[in-house]
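What follows is one structure encoded as structure tokens, with my remarks underneath.
Nothing in this text is a laboratory measurement; each read-out follows from the coordinates by a stated rule. From a predicted model like this one, the values you see are computed outputs, not experimental measurements. As a convention, Cβ positions derive from the backbone with ideal geometry for all residues, glycine included, and neighbour counts pool all protein chains shown.
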Amino acid sequence: MNEKTLEFPAKVYEEGKVKFLAPALPEGWEKATSPSGMPVFFNPHSKLSRDMAVLVVRTYFEKKGIRVCEPLAGCGVRGIRLAVETGLVSKLVLNDINKLAHSLIRENVKMAGLMDMAEVYSMDANALLAAHSTGKLRFDYVDVDPAGSPAPFLENAVRACQSGGLIGVTATDLAPLCGRNIPSCMRKYDAVPYASPYSKETAARILLGFVARTAARVGMSVSPVLTFYKRHYIRTFVKVTYGKTLAKESLKNVGWMFDCESCGSIRWSSYAEPITLCEVCKSIPHVFGPLWLGELASRNFVLRTMEKAYEADMNDACDLLRKILDEVQNIPFYYRVDEIGRKLKSSAPKPVSMVERLRSIGFSASLTHFDGQGFKTDAPRRVVEQVFSELTSLKTQ
């Protein structure tokens, strides 16, 4: 079988260190967020996501012989790249319920010379994961990357992962996660979102909070090593560890956000704390969550991953990791300069100017990769607005 004998138009692509077959993309696909309606799903826009999976697996696992599963594999390029480019994989399980995808994956596995280590299935993803949820059948790395929400697959993905293993999770349903479809978010993630100026980070934290709560139900804790937003998706990588006590500790990072529309103050509290009025003006705040309130990434892990990205000449990944490395991780929201400008009816200084000034007066502050107009700081809203006004005045002098 090749691109001429498949049941649909296909072509050979090259990504990373592999060549593979995938559907020939229609004219003008570059303008689309995600190519759809194809016989087998393949999205060139997600190359960075696949690059990051390769880098994370290379960084996280120190020894060869890991077992990898991609239960929603599409054309299989992600799993194949993991095997070829990390040199760590001893068993690769690729699955897609789509029969055309199954045939295409098998062909791509042959092209990559991985027939001895790869198993290719055409099963329901949850059935495949459930079949690998005990003992030595479990995987060291499970990558859940659906077109849409990962929620239906997460519990079985956790069960199919070894203690101390890693799970990669992607969510492309940003409208519900960012608060533009509240009922959908409640149904999928059992969380109330909020369409705030910092909703992209909220989306990541709702996803990660859901992963933590899902893992806790089966007695596992989660520790995020890397989380990021890019273009049309949220991506997180978490270490999972068995232990009910550890699971309870992990849940201490899950809680609620309080956003007061009256005075602009923002605060957060643990899952178990009661919901209260705004501490500043006693108004009724927007309350949303539950969501992850802890760090979204491990600074040491990001640094080591960035070194590997530099060695591999993965420039886009290196740029993104550098931004995440500089980002304050323990503040679960950010300000947007244009949002503050609208409130104060003023022009806006650059986010980097806000960061520099806030640091100079003793506060933590950084830019954020979630939003080019955003910055993170532990300074109170009144201080942020004061600094904003000072910089605006200097700008107009």
Restrict the search to segment 153-247; then list the chymotrypsin sites (Phe, Trp or Tyr not before Pro) that DSSP places in a loop and that have at most 12 other Cβ atoms within 10 Å of their Cβ.
none
For GLN329, which sequence-distant residues (separation of 5 or more, or a different chain) have an amide H within less than 5 Å of its own amide H, given hydrogens modelled in the peptide plane?
none
Checking the table LYS136/LYS239; LYS63/LYS244; LYS17/LYS110; LYS200/LYS230; LYS136/LYS252 against a 21 Å threshold on Cα-Cα, which pairs fail?
LYS63/LYS244; LYS136/LYS252
What relative contact order, as a whole-number percentage, does the chain give when Cα pairs under 8 Å and 6 or more residues apart are counted?
10
Each residue of segment 365-381 in turn: what ³J(HN,Hα) in whole Hz from Karplus with 6.51, -1.76, 1.60 and θ = phi - 60°, glycine and Pro shown as x?
7, 7, 6, 9, 6, 5, 7, x, 9, x, 8, 10, 7, 8, 6, x, 4
Karplus-derived HN-Hα couplings along segment 256-273 (A = 6.51, B = -1.76, C = 1.60, θ = phi - 60°), whole Hz, x at Gly and Pro:
10, 10, 10, 10, 8, 6, 5, 10, x, 6, 10, 8, 8, 8, 5, 4, 8, 6
Order these peptides, 358-365, 67-74, 302-309, by their mean beta-carbon neighbour count within 10 angstrom, highest first.
67-74, 302-309, 358-365
Put +1 on the Cβ of every Lys and Arg and -1 on every Asp and Glu Cβ in the chain; which of ALA73, VAL40, VAL211 then has its Cα farthest towards the positive end of the dipole?
VAL211
Could you work out how far the C-alpha centroid of segment 122-146 sits from that of segment 172-241, in angstrom?
21
In terms of the Cα gyration tensor, with a ≥ b ≥ c the square roots of its eigenvalues, is segment 290-345 rounded because a/c is under 1.5, prolate because a/b exceeds b/c, or oblate?
oblate
Provide the per-residue ³J(HN,Hα) series for segment 186-201, in order, calculated from phi with Karplus coefficients 6.51, -1.76, 1.60 and θ = phi - 60°, each as a whole number of Hz, with x at glycine and proline positions.
5, 5, 7, 10, 6, 8, 9, x, 8, 7, 9, x, 10, 5, 5, 6
Value of [θ]222 nm, deg cm²/dmol, for the chain, DSSP H segments ≥ 4, -39500 (n - 2.57) each, nearest 500:
-11000 deg cm²/dmol
How big is the dipole moment of the chain about its Cα centre under a simple scheme where the beta carbon of each Lys and Arg is +1, that of each Asp and Glu is -1, and everything else is neutral? Debye, nearest 20, please.
500
Contact order relative to length for segment 181-299, counting C-alpha pairs under 8 Å separated by 6 or more residues, stands in percent at 27
Residues whose modelled amide H sits under 5 Å from the amide H of GLY165, counting only those 5 or more places away in sequence or on another chain, are VAL240
Cysteines having no other Cys beta carbon under 4.7 Å from their own, within the chain:
CYS69, CYS75, CYS161, CYS178, CYS185, CYS318
If you add up the charges near GLY219, with Lys and Arg at +1 and Asp and Glu at -1, over every other residue whose beta carbon is less than 13 angstrom from its beta carbon, what do you get?
+3
